Amino acid sequence: MTQQLRRPDDSPEIRVYSDIKAIAESWDQLALRQKVAPFLAPGWYEIWNRAFGEGDELKIFTLSRGGELSAVVPLRTHRGTFRSPTNWHTPGFDVLSEDEAAARELLETVLELKPSLLDLRSVSGRGRVSAVIPELTTAYGLGASRVIWRSPIVHTEGDWDQYERGLSQNLLKDIGRRKRRLEESGKVEHEVSNGGARLEELLTEGFAVEASGWKGRKGTAIASHPRTIGFYSELARWA
């Protein structure tokens, strides 16, 4: 189902989709043009919604210029509330757009529908939403934002030697000591797989390792819940 919020002769054109597949191709192309992380792509939201979106309707708001998709944001709707399709398994959320102007206009369109609550979580501090929210807060009387968590980030620009030179000597010594301790138990090998072969075997092995310690005992491991193991398995196949 598609709902048009503006007349065909208006520019830009704004539509609301209820099916990700109906807009997925253009959405993927926009994600590739903007070189965004995979969790802003339609495949991510489709898998997330199947695992965690029960009880809500997913609406995909889009803005197009000259017939080409320029901005898109998916939102969960329930009894007049609009929420981002996010939870603790979400690395980040944002409006995917060509520029800030498109993101602002798309969010304004959402606010003009007068939701009883607009709740956007896992928002990046350097994304489109963060750039336009201060202005929209003033114009629409929105509540203040707050930091829920800060994720640890390892910047990987440059080669390995450059990265290693930026580490402290204490950390390097600690890594060496821990590696030697590990080698006391047997030969240590590093393997990198792109998932093209043995994917199911590697997933089973990885989930078992994650659940072998305190996470398994506390019931917070991926394998502890059918929804999470289904989500990460399907996500790995898609990736």
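The values are calculated or read from the model by the stated rules, or taken from the named source; none is laboratory data. The shown structure was predicted, so the numbers you read here are calculated from the model rather than taken from an experiment. Here the Cβ is made from the backbone with ideal geometry for all residues, glycine too, and neighbour counts use every protein chain on show. Ligands, DNA and RNA are stripped out before the accessible areas are found, and what is left, the full protein with its side chains, is counted by its heavy atoms. Shrake-Rupley method; radii C 1.70, N 1.55, O 1.52, S 1.80 Å.
Annotations
- Flag for L172 being outside any loop (DSSP other than H, G, I, E, B), open to solvent by less than 70 Å² (accessible area, probe 1.4 Å) and either at pLDDT 85 or above or closer than 30 Å to R65 by Cβ (or both): yes
- Only one entry of R146, R126, R150 meets the criterion of being within 22 Å of V72 (Cα to Cα) and either open to solvent by 90 Å² or more (accessible area, probe 1.4 Å) or of a type in the set (S, T, Y) (or both), and that entry is R126.
- Restricted to the stretch 71-93, and to residues there that are crowded, with 16+ Cβ neighbours inside 10 Å and hydrophobic (A, V, I, L, M, F, W, C), the residue that is farthest from V16 (Cα to Cα) is F93.
- Evaluating Y232 against the criteria (1) farther than 30 Å from Y45 by Cα; (2) at pLDDT 95 or above leaves one unmet condition, (1).
- Per the listing E98, E57, E68, the residue uniquely within 30 Å of H225 (Cβ to Cβ) and open to solvent by 50 Å² or more (accessible area, probe 1.4 Å) is E57.
- Among the residues making up the stretch 25-34, those that are open to solvent by 70 Å² or more (accessible area, probe 1.4 Å) and without any contact (Cβ under 8 Å) to a residue 24 or more places away in the chain are E25, L32.
- Scanning the stretch 35-43 turns up no residue that is touching a residue at least 60 places away in the same chain (Cβ under 8 Å), out of contact with any Leu (no Cβ under 7 Å at 6 or more places or on another chain) and among the charged types (D, E, K, R).
- Considering only residues in the stretch 186-217 that are outside any helix (DSSP H, G or I) and aliphatic (A, V, I, L, M), the one that is farthest from A239 (Cα to Cα) turns out to be V188.
- Some residue of the stretch 101-121 being within 15 Å of the chain's Cα centre (by Cα), farther than 17 Å from I14 by Cα and touching a residue at least 24 places away in the same chain (Cβ under 8 Å): yes
- Among (1) open to solvent by less than 60 Å² (accessible area, probe 1.4 Å); (2) closer than 30 Å to G125 by Cβ; (3) modelled with pLDDT under 95, the one test that V188 misses: (2)
- When the stretch 118-153 is filtered for residues that are outside any helix (DSSP H, G or I) and modelled with pLDDT of 80 or more, the ones remaining, listed by number, are L118, D119, L120, R121, S122, V123, S124, G125, R126, G127.
- Within the stretch 54-97, considering residues that are assigned to a loop (DSSP other than H, G, I, E, B) and in contact with a His (Cβ under 8 Å, 6 or more places away or on another chain), the one nearest to L40 (Cα to Cα): D56
- Apart from one condition, L111 fits all of (1) buried (at least 19 other Cβ atoms within 10 Å of the Cβ); (2) in contact with a helix residue (DSSP H, G or I) (Cβ under 7 Å, 6 or more places away or on another chain); the exception is (1).
- Residue that is free of Cβ contacts under 8 Å to residues at least 24 places away in the same chain, closer than 26 Å to N87 by Cα and under 29 Å from the mean Cα position of the chain (by Cα), where the choices are S151, S145: S145
- Of everything in the stretch 99-129 that is among the hydroxyl-bearing types (S, T, Y) and in contact with a strand residue (DSSP E or B) (Cβ under 6 Å, 6 or more places away or on another chain), the residue that is farthest from W88 (Cα to Cα) is T109.
- Qualifying residue in the stretch 2-24 (condition: touching a helix residue (DSSP H, G or I) at 6+ places or on another chain (Cβ under 9 Å), over 20 Å from S124 (Cα atoms) and surrounded by fewer than 13 Cβ atoms within 10 Å (Cβ to Cβ)): yes
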